1. crowded, with 19+ Cβ neighbours inside 10 Å, at pLDDT below 90 and assigned by TED's automatic domain parsing to the domain that holds residue 139, is that true of residue 192?
2. Counting only residues that are under 24 Å from residue 286 (Cβ atoms) and within 15 Å of ligand 1 (Cβ to nearest atom), which one in segment 27-47 is surrounded by the fewest Cβ atoms within 10 Å (Cβ to Cβ)?
3. Right, residue 24: within 16 Å of ligand 2 (Cβ to nearest atom), at pLDDT below 95 and surrounded by fewer than 21 Cβ atoms within 10 Å (Cβ to Cβ) or not?
4. Can we say residue 220 is away from ligand 2 (no atom under 16 Å from the Cβ), under 22 Å from the mean Cα position of the chain (by Cα) and touching a residue at least 40 places away in the same chain (Cβ under 8 Å)?
5. What residue, among those in segment 48-64 that are touching a helix residue (DSSP H, G or I) at 6+ places or on another chain (Cβ under 6 Å) and more than 8 Å from ligand 1 (Cβ to nearest atom), is nearest to residue 15 (Cα to Cα)?
6. Here are some conditions: (1) at pLDDT 95 or above; (2) within 16 Å of ligand 1 (Cβ to nearest atom); (3) buried (at least 20 other Cβ atoms within 10 Å of the Cβ). Residue 285 meets all but one. Which one does it not meet?
7. Just one of 204, 251, 290, 241 is surrounded by 22 or more Cβ atoms within 10 Å (Cβ to Cβ) and away from ligand 1 (no atom under 16 Å from the Cβ); which is it?
8. Cβ-Cβ under 7 Å, sequence separation 6+ or interchain: first residue in segment 50-70 and under 15 Å from residue 82 (Cα atoms), partner within 9 Å of ligand 2 (Cβ to nearest atom). Which pairs?
Ligand code: ADP
Ligand code: MG
(Lines give C-alpha, C1' and ligand atoms only; values in the text may rest on other atoms or scores of the structure.)
(Ligands and ions follow the chains in the order given, each with its own letter.)
Protein backbone atom coordinates (compact mmCIF):
# COMPACT_ATOMS: atom_id res chain seq x y z
CA UNK A 1 0.00 0.00 0.00
CA UNK A 2 1.18 3.52 -0.69
CA UNK A 3 1.52 5.89 2.22
CA UNK A 4 -1.52 8.16 2.44
CA UNK A 5 -0.77 9.67 5.84
CA UNK A 6 -1.60 13.37 5.44
CA UNK A 7 1.54 15.48 5.46
CA UNK A 8 0.80 19.14 5.27
CA UNK A 9 4.49 20.15 5.27
CA UNK A 10 6.05 18.73 2.10
CA UNK A 11 3.90 18.89 -1.04
CA UNK A 12 3.33 15.47 -2.55
CA UNK A 13 4.00 16.78 -6.07
CA UNK A 14 5.58 19.97 -7.34
CA UNK A 15 6.38 21.31 -10.74
CA UNK A 16 8.58 24.37 -10.53
CA UNK A 17 9.24 26.80 -13.37
CA UNK A 18 8.33 24.20 -16.00
CA UNK A 19 9.16 25.06 -19.59
CA UNK A 20 8.27 23.05 -22.63
CA UNK A 21 8.89 23.77 -26.28
CA UNK A 22 7.74 21.37 -28.97
CA UNK A 23 9.60 21.23 -32.24
CA UNK A 24 7.82 20.77 -35.55
CA UNK A 25 10.75 20.38 -37.93
CA UNK A 26 12.63 23.66 -37.58
CA UNK A 27 9.70 25.48 -36.03
CA UNK A 28 9.74 25.85 -32.26
CA UNK A 29 6.38 25.84 -30.50
CA UNK A 30 6.85 27.17 -26.95
CA UNK A 31 3.95 25.92 -24.85
CA UNK A 32 4.89 26.26 -21.17
CA UNK A 33 6.72 29.40 -20.08
CA UNK A 34 7.73 28.61 -16.51
CA UNK A 35 4.55 27.17 -15.01
CA UNK A 36 4.71 26.24 -11.33
CA UNK A 37 2.23 24.17 -9.38
CA UNK A 38 2.37 22.56 -5.97
CA UNK A 39 0.02 19.83 -4.81
CA UNK A 40 -0.47 18.79 -1.20
CA UNK A 41 -1.46 15.34 -0.06
CA UNK A 42 -5.24 14.90 -0.06
CA UNK A 43 -5.97 17.89 -2.29
CA UNK A 44 -8.16 17.83 -5.39
CA UNK A 45 -6.66 20.43 -7.70
CA UNK A 46 -8.19 21.44 -11.01
CA UNK A 47 -5.94 22.95 -13.68
CA UNK A 48 -8.35 25.14 -15.61
CA UNK A 49 -7.63 26.81 -18.92
CA UNK A 50 -8.76 27.32 -22.49
CA UNK A 51 -7.95 24.82 -25.20
CA UNK A 52 -4.29 25.15 -26.22
CA UNK A 53 -3.21 26.80 -22.95
CA UNK A 54 -0.82 23.92 -22.19
CA UNK A 55 -2.88 21.92 -19.66
CA UNK A 56 -2.21 18.46 -21.12
CA UNK A 57 1.47 19.32 -21.60
CA UNK A 58 1.75 20.34 -17.94
CA UNK A 59 -0.02 17.18 -16.76
CA UNK A 60 2.18 14.95 -18.94
CA UNK A 61 5.30 16.56 -17.45
CA UNK A 62 4.01 16.07 -13.90
CA UNK A 63 3.26 12.40 -14.72
CA UNK A 64 6.72 11.81 -16.17
CA UNK A 65 5.20 10.97 -19.55
CA UNK A 66 7.22 13.72 -21.22
CA UNK A 67 10.35 15.67 -20.32
CA UNK A 68 10.54 19.42 -19.77
CA UNK A 69 13.09 21.55 -21.64
CA UNK A 70 16.73 21.37 -20.57
CA UNK A 71 16.69 24.90 -19.07
CA UNK A 72 13.48 24.07 -17.21
CA UNK A 73 12.90 23.72 -13.49
CA UNK A 74 12.21 20.46 -11.67
CA UNK A 75 9.43 18.06 -10.88
CA UNK A 76 9.59 16.92 -7.27
CA UNK A 77 7.74 14.07 -5.65
CA UNK A 78 7.59 14.30 -1.84
CA UNK A 79 10.45 16.79 -2.00
CA UNK A 80 12.80 14.68 -4.16
CA UNK A 81 13.57 15.50 -7.77
CA UNK A 82 12.01 13.06 -10.24
CA UNK A 83 14.84 12.00 -12.56
CA UNK A 84 13.26 11.18 -15.89
CA UNK A 85 15.79 8.72 -17.24
CA UNK A 86 14.55 5.54 -18.80
CA UNK A 87 14.87 2.99 -16.08
CA UNK A 88 13.19 1.11 -13.28
CA UNK A 89 12.74 4.13 -11.01
CA UNK A 90 11.07 6.24 -13.70
CA UNK A 91 8.84 3.33 -14.71
CA UNK A 92 7.86 2.87 -11.09
CA UNK A 93 6.97 6.57 -10.87
CA UNK A 94 4.90 6.45 -14.07
CA UNK A 95 3.17 3.16 -13.37
CA UNK A 96 2.75 2.92 -9.65
CA UNK A 97 3.20 6.33 -8.00
CA UNK A 98 0.99 8.07 -10.53
CA UNK A 99 -2.32 6.83 -11.92
CA UNK A 100 -3.11 8.57 -15.21
CA UNK A 101 -6.53 8.96 -16.85
CA UNK A 102 -6.67 10.09 -20.47
CA UNK A 103 -9.56 11.98 -22.06
CA UNK A 104 -9.94 9.30 -24.72
CA UNK A 105 -9.57 6.38 -22.27
CA UNK A 106 -6.73 4.66 -24.18
CA UNK A 107 -7.91 1.18 -23.23
CA UNK A 108 -6.28 -1.73 -25.03
CA UNK A 109 -8.93 -3.04 -27.47
CA UNK A 110 -7.67 -6.64 -27.50
CA UNK A 111 -7.91 -6.98 -23.70
CA UNK A 112 -11.18 -7.38 -21.83
CA UNK A 113 -12.41 -5.09 -19.05
CA UNK A 114 -10.76 -7.09 -16.24
CA UNK A 115 -7.41 -7.28 -18.03
CA UNK A 116 -7.51 -3.56 -18.84
CA UNK A 117 -8.35 -2.89 -15.19
CA UNK A 118 -5.21 -4.65 -13.98
CA UNK A 119 -2.87 -3.38 -16.67
CA UNK A 120 -0.69 -1.31 -14.33
CA UNK A 121 0.07 -4.49 -12.38
CA UNK A 122 1.06 -6.35 -15.53
CA UNK A 123 4.12 -4.13 -15.90
CA UNK A 124 7.01 -6.38 -14.80
CA UNK A 125 8.62 -5.53 -11.49
CA UNK A 126 12.12 -5.85 -12.92
CA UNK A 127 12.17 -9.66 -13.33
CA UNK A 128 14.12 -10.55 -16.44
CA UNK A 129 12.99 -13.44 -18.62
CA UNK A 130 15.82 -12.80 -21.13
CA UNK A 131 18.05 -15.58 -19.76
CA UNK A 132 15.29 -18.17 -20.04
CA UNK A 133 14.63 -17.15 -23.65
CA UNK A 134 18.36 -17.37 -24.47
CA UNK A 135 18.66 -20.85 -22.98
CA UNK A 136 15.52 -22.04 -24.79
CA UNK A 137 16.79 -20.52 -28.07
CA UNK A 138 20.07 -22.48 -27.71
CA UNK A 139 18.19 -25.71 -26.96
CA UNK A 140 15.97 -25.00 -30.00
CA UNK A 141 19.04 -24.46 -32.18
CA UNK A 142 20.62 -27.77 -31.12
CA UNK A 143 17.36 -29.70 -31.61
CA UNK A 144 16.78 -27.95 -34.97
CA UNK A 145 20.27 -28.77 -36.28
CA UNK A 146 20.03 -32.38 -35.10
CA UNK A 147 16.56 -32.93 -36.59
CA UNK A 148 17.65 -31.22 -39.82
CA UNK A 149 20.64 -33.50 -40.28
CA UNK A 150 18.59 -36.56 -39.30
CA UNK A 151 15.83 -35.75 -41.78
CA UNK A 152 18.29 -34.91 -44.55
CA UNK A 153 19.99 -38.27 -43.99
CA UNK A 154 16.71 -40.21 -43.90
CA UNK A 155 15.44 -38.53 -47.05
CA UNK A 156 18.73 -39.22 -48.85
CA UNK A 157 19.51 -35.51 -49.25
CA UNK A 158 22.77 -35.87 -47.40
CA UNK A 159 24.68 -39.11 -47.88
CA UNK A 160 26.76 -40.36 -44.92
CA UNK A 161 30.08 -39.34 -46.49
CA UNK A 162 28.94 -35.71 -46.83
CA UNK A 163 28.08 -35.28 -43.15
CA UNK A 164 31.15 -33.09 -42.49
CA UNK A 165 30.98 -31.14 -45.74
CA UNK A 166 30.19 -27.39 -46.15
CA UNK A 167 26.74 -28.45 -47.38
CA UNK A 168 25.98 -30.19 -44.12
CA UNK A 169 27.26 -27.22 -42.06
CA UNK A 170 25.02 -24.82 -44.03
CA UNK A 171 22.06 -27.19 -43.67
CA UNK A 172 22.52 -27.67 -39.92
CA UNK A 173 23.03 -23.91 -39.45
CA UNK A 174 19.78 -23.12 -41.27
CA UNK A 175 17.91 -25.74 -39.23
CA UNK A 176 19.45 -24.35 -36.01
CA UNK A 177 18.12 -20.87 -36.84
CA UNK A 178 14.64 -22.26 -37.60
CA UNK A 179 14.77 -24.36 -34.41
CA UNK A 180 15.75 -21.46 -32.15
CA UNK A 181 13.15 -19.15 -33.78
CA UNK A 182 10.42 -21.74 -33.27
CA UNK A 183 11.48 -22.23 -29.65
CA UNK A 184 11.42 -18.46 -28.94
CA UNK A 185 7.89 -18.16 -30.37
CA UNK A 186 6.72 -21.23 -28.43
CA UNK A 187 8.19 -20.11 -25.11
CA UNK A 188 6.63 -16.66 -25.48
CA UNK A 189 3.22 -18.16 -26.26
CA UNK A 190 3.47 -20.43 -23.21
CA UNK A 191 4.62 -17.50 -21.03
CA UNK A 192 1.68 -15.38 -22.26
CA UNK A 193 -0.85 -18.14 -21.45
CA UNK A 194 0.68 -18.75 -18.00
CA UNK A 195 0.82 -15.01 -17.25
CA UNK A 196 -2.78 -14.50 -18.34
CA UNK A 197 -4.05 -17.45 -16.29
CA UNK A 198 -2.01 -16.46 -13.24
CA UNK A 199 -3.00 -12.80 -13.46
CA UNK A 200 -6.72 -13.54 -13.75
CA UNK A 201 -6.63 -15.50 -10.51
CA UNK A 202 -4.02 -13.41 -8.69
CA UNK A 203 -3.97 -10.46 -6.33
CA UNK A 204 -3.99 -7.86 -9.14
CA UNK A 205 -7.21 -9.38 -10.49
CA UNK A 206 -8.80 -9.23 -7.03
CA UNK A 207 -7.88 -5.54 -6.76
CA UNK A 208 -9.20 -4.84 -10.28
CA UNK A 209 -12.43 -6.81 -9.61
CA UNK A 210 -13.01 -4.89 -6.43
CA UNK A 211 -12.46 -1.46 -8.06
CA UNK A 212 -14.46 -2.37 -11.17
CA UNK A 213 -17.22 -3.71 -8.90
CA UNK A 214 -17.21 -0.42 -6.95
CA UNK A 215 -17.62 1.36 -10.27
CA UNK A 216 -20.64 -0.78 -11.24
CA UNK A 217 -18.80 -2.85 -13.85
CA UNK A 218 -19.03 -6.27 -12.18
CA UNK A 219 -21.16 -7.67 -15.03
CA UNK A 220 -18.68 -6.46 -17.64
CA UNK A 221 -15.37 -8.20 -16.85
CA UNK A 222 -15.39 -10.26 -20.04
CA UNK A 223 -16.45 -7.43 -22.34
CA UNK A 224 -14.08 -5.69 -24.75
CA UNK A 225 -13.82 -1.86 -24.67
CA UNK A 226 -15.70 -1.57 -28.00
CA UNK A 227 -18.76 -3.12 -26.33
CA UNK A 228 -18.92 -0.39 -23.66
CA UNK A 229 -20.39 3.11 -23.59
CA UNK A 230 -18.12 6.16 -23.20
CA UNK A 231 -18.92 6.47 -19.49
CA UNK A 232 -18.19 2.77 -18.90
CA UNK A 233 -14.89 3.05 -20.78
CA UNK A 234 -13.86 6.00 -18.66
CA UNK A 235 -14.78 4.07 -15.50
CA UNK A 236 -12.54 1.21 -16.67
CA UNK A 237 -9.77 3.74 -17.39
CA UNK A 238 -10.08 5.18 -13.86
CA UNK A 239 -10.14 1.66 -12.37
CA UNK A 240 -6.98 0.88 -14.36
CA UNK A 241 -5.31 4.06 -13.10
CA UNK A 242 -6.20 3.11 -9.51
CA UNK A 243 -5.22 -0.55 -10.01
CA UNK A 244 -1.66 -0.09 -8.77
CA UNK A 245 -2.83 1.84 -5.69
CA UNK A 246 -1.11 5.06 -6.82
CA UNK A 247 -0.34 7.99 -4.53
CA UNK A 248 -1.94 10.46 -6.93
CA UNK A 249 -4.46 10.37 -9.72
CA UNK A 250 -3.79 12.69 -12.66
CA UNK A 251 -6.76 13.03 -14.99
CA UNK A 252 -6.72 14.86 -18.32
CA UNK A 253 -10.24 16.14 -19.14
CA UNK A 254 -11.79 12.97 -17.66
CA UNK A 255 -15.28 14.13 -18.66
CA UNK A 256 -14.28 15.96 -21.84
CA UNK A 257 -15.65 13.31 -24.15
CA UNK A 258 -18.84 12.52 -22.24
CA UNK A 259 -22.36 13.94 -22.12
CA UNK A 260 -23.18 16.04 -19.06
CA UNK A 261 -24.97 13.33 -17.07
CA UNK A 262 -22.28 10.71 -17.66
CA UNK A 263 -19.64 13.33 -16.89
CA UNK A 264 -21.35 14.06 -13.58
CA UNK A 265 -21.34 10.34 -12.74
CA UNK A 266 -17.57 10.22 -13.35
CA UNK A 267 -17.01 13.32 -11.20
CA UNK A 268 -19.12 11.82 -8.39
CA UNK A 269 -16.97 8.71 -8.58
CA UNK A 270 -13.79 10.81 -8.32
CA UNK A 271 -15.40 12.68 -5.43
CA UNK A 272 -15.94 9.39 -3.60
CA UNK A 273 -12.32 8.38 -4.14
CA UNK A 274 -11.13 11.82 -3.01
CA UNK A 275 -13.18 11.51 0.17
CA UNK A 276 -11.42 8.19 0.76
CA UNK A 277 -8.08 10.05 0.72
CA UNK A 278 -6.98 10.07 -2.91
CA UNK A 279 -5.02 13.11 -4.12
CA UNK A 280 -6.32 14.25 -7.52
CA UNK A 281 -4.96 16.63 -10.14
CA UNK A 282 -7.52 17.15 -12.88
CA UNK A 283 -7.21 19.16 -16.07
CA UNK A 284 -10.30 20.76 -17.56
CA UNK A 285 -11.46 23.65 -19.74
CA UNK A 286 -14.86 23.67 -17.99
CA UNK A 287 -15.34 25.83 -14.85
CA UNK A 288 -18.29 23.65 -13.82
CA UNK A 289 -16.08 20.56 -13.80
CA UNK A 290 -13.34 22.51 -11.99
CA UNK A 291 -15.81 23.43 -9.26
CA UNK A 292 -15.61 19.86 -7.95
CA UNK A 293 -12.02 20.51 -6.89
CA UNK A 294 -10.80 22.17 -3.67
CA UNK A 295 -8.39 24.37 -5.52
CA UNK A 296 -8.34 25.80 -9.02
CA UNK A 297 -5.08 26.66 -10.78
CA UNK A 298 -5.71 28.74 -13.89
CA UNK A 299 -3.42 28.35 -16.83
CA UNK A 300 -3.24 30.91 -19.61
CA UNK A 301 -0.82 30.72 -22.54
CA UNK A 302 1.48 28.36 -20.65
CA UNK A 303 1.57 30.39 -17.45
CA UNK A 304 -0.21 30.01 -14.12
CA UNK A 305 -2.23 33.20 -13.74
CA UNK A 306 -4.30 32.40 -10.67
CA UNK A 307 -4.45 29.88 -7.86
CA UNK A 308 -7.58 29.88 -5.73
CA UNK A 309 -8.82 27.71 -2.90
CA UNK A 310 -12.56 27.28 -3.21
CA UNK A 311 -15.33 26.09 -1.00
CA UNK A 312 -16.34 22.87 -2.64
CA UNK A 313 -19.78 23.84 -3.92
CA UNK A 314 -20.30 21.19 -6.51
CA UNK A 315 -21.73 22.42 -9.78
CA UNK A 316 -21.31 26.12 -9.01
CA UNK A 317 -18.27 28.32 -9.53
CA UNK A 318 -17.40 30.35 -6.46
CA UNK A 319 -17.67 34.11 -6.79
CA UNK A 320 -14.25 35.82 -6.96
CA UNK A 321 -14.41 37.04 -3.35
CA UNK A 322 -15.17 33.52 -2.07
CA UNK A 323 -11.73 32.22 -3.06
CA UNK A 324 -8.31 33.30 -1.92
CA UNK A 325 -6.90 34.35 -5.25
CA UNK A 326 -3.17 34.80 -5.83
CA UNK A 327 -2.33 36.14 -9.21
CA UNK A 328 1.15 35.27 -10.39
P1 ADP B 1 -4.45 21.95 -23.84
O2 ADP B 1 -4.42 20.60 -23.20
O3 ADP B 1 -4.56 23.07 -22.87
O4 ADP B 1 -5.50 22.05 -24.89
P5 ADP B 1 -1.90 21.17 -24.96
O6 ADP B 1 -0.95 21.07 -23.84
O7 ADP B 1 -2.45 19.91 -25.51
O8 ADP B 1 -3.06 22.19 -24.57
O9 ADP B 1 -1.21 21.94 -26.18
C10 ADP B 1 -0.74 23.26 -26.06
C11 ADP B 1 -0.16 23.69 -27.40
O12 ADP B 1 0.92 22.84 -27.72
C13 ADP B 1 -1.16 23.58 -28.53
O14 ADP B 1 -0.99 24.71 -29.36
C15 ADP B 1 -0.75 22.34 -29.26
O16 ADP B 1 -1.01 22.43 -30.63
C17 ADP B 1 0.74 22.27 -29.00
N18 ADP B 1 1.20 20.89 -28.93
C19 ADP B 1 0.79 19.94 -28.08
N20 ADP B 1 1.46 18.79 -28.28
C21 ADP B 1 2.31 19.01 -29.30
C22 ADP B 1 3.27 18.22 -29.98
N23 ADP B 1 3.50 16.95 -29.63
N24 ADP B 1 3.97 18.80 -30.98
C25 ADP B 1 3.75 20.08 -31.33
N26 ADP B 1 2.87 20.90 -30.71
C27 ADP B 1 2.14 20.37 -29.72
MG1 MG C 1 -5.56 18.90 -23.52
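1. No; evaluated as a whole, the condition is false for this residue.
2. 33
3. no
4. For residue 220, the condition - away from ligand 2 (no atom under 16 Å from the Cβ), under 22 Å from the mean Cα position of the chain (by Cα) and touching a residue at least 40 places away in the same chain (Cβ under 8 Å) - is met.
5. Looking at the filtered set, the residue picked out is 64.
6. Answer for residue 285: the failing condition is (3).
7. 241
8. Listed by first residue and then by second, the contacts come to 59/252; 59/283.
The values are calculated or read from the model by the stated rules, or taken from the named source; none is laboratory data. Here the structure is a predicted model, which means the values were calculated and not measured. Quick reminder, even Gly has a Cβ in these numbers, built from the backbone with ideal geometry, and neighbours come from all protein chains shown.
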